[in-house]
Amino acid sequence: MSIARIKKNDTVIAIAGADKGKTGKVLSVNPKAGTAVVEGLHIVKKTVRRTEQQPGSIVEIEKPIQLSNLMPYDADKKRGSRIARTVNGETKIRTLKVSGKALD
């Protein structure tokens, strides 16, 4: 499995699938499965069982999306961008290739 270039709290854009073109904030990443949960993307309806505390209902939740369908979003250029790892002194930082802006 390759290195996950998308991390928690990154803003990403969907480049494929039903939500193509939509942006959202990454809530969690599972690099082993190659998926990420993004706020506002890949929303499905799920039925919740009735319990003593709450009545049964239908809720909308975000399901995981393949990392290959996501790309980091550059807010300045209003489009997706690839990630470059640049060395800044002793540390490596992630930068957007389109604008050169640092992500970390």
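Filter segment 38-63 down to the residues that are open to solvent by 100 Å² or more (accessible area, probe 1.4 Å) and of a type in the set (S, T, N, Q) and list them by number.
Scanning segment 38-63 gives Thr47, Gln53.
List the strands (runs of 3 or more DSSP E) that sit entirely inside segment 18-104 and contain at least 3 residues that are out of contact with any Gly (no Cβ under 9 Å at 6 or more places or on another chain), more than 20 Å from Ala4 (Cβ to Cβ) and at pLDDT 90 or above.
So the answer is 43-48, 57-62.
The values are calculated or read from the model by the stated rules, or taken from the named source; none is laboratory data. What you see is a predicted model; the values in this text were computed from it and never measured. Ideal geometry is used to build each Cβ from the backbone, glycine not excepted, and the neighbour counts take in all protein chains shown. These accessible areas exclude ligands, DNA and RNA; they are computed on the full protein's heavy atoms, side chains included. Shrake-Rupley method; radii C 1.70, N 1.55, O 1.52, S 1.80 Å.
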